[in-house]
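Only one structure is covered here, and it is reproduced in the block below.
Values quoted throughout were computed directly from the atomic coordinates according to the rules given, and no laboratory measurement underlies them. A quick note: this is a predicted structure, and the numbers were derived from the prediction, not measured. Here Cβ is always computed from backbone atoms with ideal geometry, including for glycine, and neighbour counts include all displayed protein chains.
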């Protein structure tokens with residue numbers, strides 16, 4: 001999966017268009033984009049959408065409310081029987097938050113007659129100050145965990161910042177640190193490193209630059225807040241034919257060389273880490289073709 005598009009679950013208009021956006025996954029939001037007075041309506045909409053969603057469409061995820069609210073258990077109870085692909089947990093502090101939700105899902109799946117572990121989990125793992133110290137705790141927290149992502153807006157509020165970007169529109173150091181720790185935490189946990197949102201959906205050039213930076217650094221997917229961002233994500237996070245050809249040349253060079261640690265490709269010496277990078281890129285390309 002490359003693209004995850006947020007859809008406010010209380011917006012009938014946006015829900016009606018969700019399946020045709022081209023996103024690999026949509027996230028029906030019950031949290032920040034839904035007013036307190038509309039939580040129950042959003043749950044009902046999410047439940048109905050899950051019931052009618054096409055198996056040929058995007059995978060359907062649900063962002064629940066945070067664990068420190070009185071809403072999260074009702075969120076799960078409303079949707080689990082409709083078999084969402086995954087639940088997004090916002091404002092997690094550590095892997096213990098994943099364990100808490102996983103335990104609740106164990107119960108709800110059993111009550112609904114759903115196979116244990118069918119509902120996956122992913123987290124917005126950098127929205128509090130305390131969370132930045134715990135990105136290494138997600139490894140082994142639950143077999144349900146499939147991705148980690150990061151967020152800068154709630155973190156800025158938690159830190160008391162006036163802004164999370166400088167005069168050039170570039171994230172300042174606390175937020176770049178959060179991004180880096182999320183990338184490392186996801187890779188350490190063996191899950192998808194999922195890059196965060198880009199708020200200004202009208203700024204296509206800025207969005208493209210951020211997406212390319214994410215791919216360069218190792219993220220393999222990105223979230224979107226507007227349908228116009230989806231095709232850009234899909235294009236940038238899908239390896240190009242040139243990238244694939246180069247990766248295959250590396251794999252073939254090692255195969256021809258036999259049991260060696262270093263080969264030369266196009267005049268450049270490459271070792272085993274380069275082979276693993278090439279194999280991973282080919283695997284992502286094959287996965288993208290199946291979407």
Inset, instruction - Return the FRET efficiency for the residue pair residue 130, residue 108: r is the Cβ-Cβ distance, R0 is 25 Å, and the value is rounded to the nearest 0.05. - result: 0.35
Inset, instruction - Please give the helix 272-289 orientation as an angle from the longest Cα principal axis of the chain, in degrees from 0 to 90, rounded to the nearest 10. - result: 50 degrees
Legend entry - Alpha carbon convex hull of the range 28-184, volume per residue in cubic angstrom: 128 Å³
Legend entry - Inter-label distance, nm, simple model (7 Å from Cα along the C-beta direction), residue 173/residue 202: 3.3 nm
Inset, instruction - May I ask for the Rg/Rh ratio of the range 241-289, computed from Cα atoms with Rh as the Kirkwood radius, given to two decimals? - result: 0.98
Legend entry - Amide N of the range 219-255 lying under 15 Å from the label point, which is placed 7 angstrom from the Cα of residue 279 along Cα→Cβ: 247-255
Inset, instruction - Go ahead and estimate [θ] at 222 nm for the chain from helices alone: -39,500 (n - 2.57) per DSSP H run with n ≥ 4, summed, over the residue count, rounded to 500. - result: -14000 deg cm²/dmol
Legend entry - Per-residue Cβ neighbour rank within 10 angstrom, fewest leading, 75, 48, 266: 266, 48, 75
Legend entry - Nearest 10 degrees, 0 to 90: helix 95-112 Cα axis against the chain principal axis: 60 degrees
Inset, instruction - Arrange the peptides 104-110, 148-154 so that the one whose residues have, on average, the most other Cβ atoms within 10 Å appears first. - result: 148-154, 104-110
Inset, instruction - Using per-residue counts of other Cβ atoms within 10 Å, averaged over each peptide, order 25-35, 251-261 from highest down. - result: 25-35, 251-261
Legend entry - Degrees between helix 204-217 axis and first principal axis of the chain (Cα, 0 to 90, nearest 10): 60 degrees
